[in-house]
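K.L.:
Pasting a structure below so you can have a look.
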Amino acid sequence: MRALPGLRGPRGPTPGLLPFLCLLAAARPSLADGSDPDSPFTSLPVREEMMAKYSNLSLESHNISLTEHASMPIEKNITLDRPANIQLTCQLTTSRDLNSVNVTWKKGDELLENNYLINETGNILYTQYMFTIINSKQMGSYSCFFQEEKELRGTFHFKVPKLHGRNKPLISYVGDSTVLTCKCEGCFPLNWTWYSSNGSVQVPVGVQKNKCVMNGTYANETSLKITWLLEEDGGSYWCRALFQLGESEEHIELVVLSYLVPLKPFLAIVAEVVLLVTVILLCEKYTQKKQQHSDNEKEFEQIEQLKSDDSNGIENNAPRLRKTESAAQ
Amino acid sequence: MAPMPSAPPPCLPPDGGWGWVVVGAAFISIGFSYAFPKAVTVFYKEIQEIFHATHSEIAWISSIMLAVMYAGGPISSVLVNKYGSRPVVMVGGLLCCLGMVLASFSTSVVQLYLTMGFTVGIGLAFNLQPALTIIGKYFYKKRPMANGLAMAGSPVFLSTLAPFNQYLFNTYGWKGSFLILGGILLNACVGGSLMRPLVPKQTTSKSKNKIGIKGEDSGLKKIHKKKSTWERVNKYLDFSLFKHRGFLIYLSGNVIMFVGFFAPIIFLAPYAKDQGIDEYSAAFLLSVMAFVDMFARPSVGLIANSKYIRPRIQYFFSFAVMFNGVCHLLCPLAQTYPSLVVYAVFFGLGFGSVSSVLFETLMDLVGAPRFSSAVGLVTVVECGPVLLGPPLAGKLVDITGEYKYMYMACGAIVVVASVWLLIGNAINYRLLEKEKKKKQARKKIMNTLESKESEPLSKSKHLEDVSKAETIPSERETNI
């Protein structure tokens, strides 16, 4: 395995550099604690200095693998809430000649000048970029480019952690009290602040009469408690978390309804029920009366028939029956 | 062997006409009773956060609601026996509404237990029993069909209430939702108002007998003044049912069955998620089950009504229970999503067929006049296994760490119950045949002598055939 430290894009040592490289190879430093033992690279003395300065920071290593057939650029999202040493590695697997590949690193659109290494093993080309993120200026997108016939790219996006609030609006009523919470999973902000906004202007929340900010027992959550809700308390609320590496915020919608809002449908339903029940019972009474009436008429007929059966002979039945029938109608 | 079902009630059921409207009203009442405790769980997550309660404290709300609904059965039966179905259902609707309106003002979990759990539970109890009872009064020939249609209310209401509750919650928050749900529950009163009590109709050809019967009534009243306390208690709630062979078989079989009946539904979604299926597909399994259930109930009611099945409906019930049990025993074989969907379909079919004839078989065994008391006693005894089943199953899952043992245990319990019911009912049918033959022989002898037109209360439990029922207005008329 040839370890060939490359300081810029084009590789291959020029004759003038050969003694310098021999010196470097001879004075190969031992791998420092922070660097990755699996890395196919050795570290530069420049990096050694930096590592000593920030040795109390953790090391984050991230990897992207590219093949020559990759049509889409590969992206990786990395969340970071505190300063750290970063080691980014891109590897390219290709069947073509590795010498013809041009390797560059960019932060955003800006070309990065130094501090990256290139190596090759078999038909895999490795490149590594190491740096330290201390504040928000170093956050952003870092990309490695392999230039052959077409350009292959891998991008690392560094972001502050996202906050978790509520996806849906919080619905509450006038006179109630409510609590809005914001949480950060596995991260610990330095500071929390709350804002309320009507339209586009954000106004800090804190010292108003009915609102009080309570930071939870663990630093990763915060709550805004509003005690006596008024209609104007409704609207958008923002919780903002401050990290060493930037800020993150989350939106929570609070809707304050007056008690009349659900009361109207409720009264409408009650009215509908009362109406239906009354209609049904009245209909029933009406049909019952009608039936009773027709029942009474039938009974009347029956009684007449019985009387005629008992008192008279069969001969008088027919005219009698007809008389009572016509009378009933 | 052609075993006869128990005879129709003395007041001849119309078997149609207004009866179908009553089926619709029962559909509403049964739908609210079974679906509401499950549909209200949509709010639990939010309430848990607001009241700072634990998971199990909130789950108690549904448990209390179900427990009170089942345990309130006897109270409901007593009231139905005295006042009839209509007033009880209307009071039930009012209680449900009151409970939910009060719940919207509660500030602690205990208040929710009292309002949502207890009050709404009683209200639902006052809905369930009368609805089942009145079907028995309005139908005889088409009763299985009517039962199947009415019981279909449960899955229909569950499928509509659950998403509706979600919508209400997103628009009005939990307080407003409870208020509006109170209004929705008040619609049970509309169903109640449709449950017209049946007036015993005397056909015109019997008008001569009418005058004669009135005289008999006054004579009998003198005899009944000398009733013992036992008989007076029995008038309100028929405890003599505990001597009824068919009732005891039904009760014991059902108690065994309910231990393992509901746990598979409750754990279907968690089991699916455990197999690696995502949340929404797991919830979809329940929807599939409810959908199949919705159509299975009336269809099975129709099948149970057929000429071939009706006389042997107890066997049909036993086979339906066995089908359920076998389904659960085979469930552990389903580990991919398509196989779980197939399981859900068969489960829905089994669940629907058992639910459809669940109360029809009870009516068949004890007869319509005693059904009101029977269903009250059955629900209060079933309270135990219904509430204990799911937690026990949950414990089994915790101990063994796998869901399949729970499914196998539930399947085994349900199969045992089905076998018990099958054997018990076979014996019962045979004994009923023997008793019927004895009676017919006795009647031939009695017919030569002059017989009184009415029977005393403490006589035989089995009434006579349809053709003879018209001539005997029984004193044990249980409604109006």
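K.L.:
What list of whole percents do you get for P(r) of the stretch A:170-257, with Cα-Cα distances grouped in 5 Å bins up to the one holding the largest distance?
P.N.:
Answer for the stretch A:170-257: a P(r) of 3, 14, 26, 24, 18, 9, 4, 1, 0 percent.
K.L.:
Using a cut-off of 14 Å between beta-carbons, work out the net charge of the residues near B:LEU66 (Lys and Arg +1, Asp and Glu -1, B:LEU66 not included).
P.N.:
Computed value for this residue: 0.
K.L.:
Another question about this same structure. Using the count of nearby Cβ atoms within 10 Å as a rough guide to exposure, how do A:SER172, A:SER196, A:SER294 rank from fewest to most?
P.N.:
Values: A:SER172 23, A:SER196 20, A:SER294 11.
Lowest count first: A:SER294, A:SER196, A:SER172.
K.L.:
In degrees, nearest 10, range 0 to 90: what is the angle between the Cα axis of helix B:279-305 and the longest Cα principal axis of chain B?
P.N.:
10
K.L.:
Still on this structure: Percent of Cα-Cα pairs per 5 Å bin, from 0 to the last occupied bin, for the stretch B:262-365, please list those.
P.N.:
Reading upward from the zero bin: 2, 13, 23, 21, 15, 11, 8, 4, 2, 0.
K.L.:
Something else about it: If you average the alpha carbon positions of the stretch A:222-290 and of the stretch B:341-371, how far apart do those two centres end up, in angstrom?
P.N.:
After rounding, the separation between the Cα centres reads 39 Å.
K.L.:
Rg and Dmax in Å for chain B, alpha carbons only: what are they?
P.N.:
Just the Cα atoms of chain B yield Rg and Dmax of 23.5, 78 Å.
K.L.:
Quick one: in the stretch A:68-126, what % of C-alpha pairs are over 15 Å apart? Provide the component values of the computation, followed by the final result.
P.N.:
Details: 1081 of 1711 pairs.
Counting every Cα pair in the stretch A:68-126, those more than 15 Å apart make up 63 percent.
K.L.:
Which ³J(HN,Hα) values, rounded to whole Hz and listed in residue order, are derived for the stretch A:119-124 from phi using the Karplus coefficients 6.51, -1.76 and 1.60 in 6.51 cos²θ - 1.76 cosθ + 1.60 with θ = phi - 60°, glycine and proline given as x?
P.N.:
Values per residue, Gly and Pro as x: 8, 9, 9, x, 10, 10 Hz.
K.L.:
Here is the link list: A:LYS159/A:LYS211; B:LYS243/B:LYS444; A:LYS107/A:LYS137. Which ones come out longer than 20 Å on Cα distance?
P.N.:
A:LYS159/A:LYS211; B:LYS243/B:LYS444
K.L.:
May I ask for the equivalent-ellipsoid semi-axes of the stretch A:48-170, computed as the square root of five times each C-alpha gyration tensor eigenvalue and listed largest first in whole Å?
P.N.:
Working through the eigenvalues yields semi-axes of 29, 20, 12 Å.
K.L.:
In terms of the Cα gyration tensor, with a ≥ b ≥ c the square roots of its eigenvalues, is the stretch B:136-200 rounded because a/c is under 1.5, prolate because a/b exceeds b/c, or oblate? If you can, show how the numbers build up before the last one.
P.N.:
On the way: a/c = 6.76, a/b = 2.06, b/c = 3.29.
Oblate, because a/c is 1.5 or more while a/b does not exceed b/c.
K.L.:
Still on this model: When the helices in chain B are scored as -39500 (n - 2.57) per DSSP H run of 4 or longer and the sum is shared across all residues, what 222 nm value do you end up with, to the nearest 500 deg cm²/dmol?
P.N.:
Result for chain B, helices only: -25000 deg cm²/dmol.
K.L.:
Here's something else I'd like to know. Just need the relative contact order of chain B here, percent rounded to a whole number, with Cα pairs under 8 Å and 6+ apart.
P.N.:
With pairs under 8 Å counted, the relative contact order is 27 percent.
K.L.:
Of A:LYS290/B:LYS307; B:LYS307/B:LYS437; B:LYS82/B:LYS437; A:LYS285/B:LYS38; B:LYS137/B:LYS438, which ones are farther than 30 Å apart at the Cα?
P.N.:
Over 30 Å Cα-Cα: A:LYS290/B:LYS307; B:LYS82/B:LYS437; A:LYS285/B:LYS38.
K.L.:
Next question. A:THR287 versus A:LYS137, label points 7 Å from Cα toward the beta carbon: distance in nm?
P.N.:
So the label points at A:THR287 and A:LYS137 sit 8.8 nm apart.
K.L.:
Can you run phi through the Karplus equation (6.51, -1.76, 1.60; θ = phi - 60°) for the stretch B:19-34 and list ³J(HN,Hα) in whole Hz, with x for Gly and Pro?
P.N.:
Each residue of the stretch B:19-34 in turn: x, 5, 5, 5, 4, x, 5, 5, 3, 5, 4, 5, x, 4, 4, 8 Hz.
K.L.:
Relative contact order of the stretch A:170-257, please, whole-number percent, based on alpha carbon pairs below 8 angstrom and at least 6 residues apart.
P.N.:
39
K.L.:
On a 0 to 90 degree scale, rounded to 10, what angle separates helix B:73-83 from the longest Cα axis of chain B?
P.N.:
40
Every number in this text was worked out from the coordinates using simple rules, so none of it is lab data. This one's a predicted model, so the numbers in the text were calculated from it and none came from an experiment. Note that we place each Cβ from the backbone using ideal geometry, even for glycine, and neighbour counts take in every protein chain shown.
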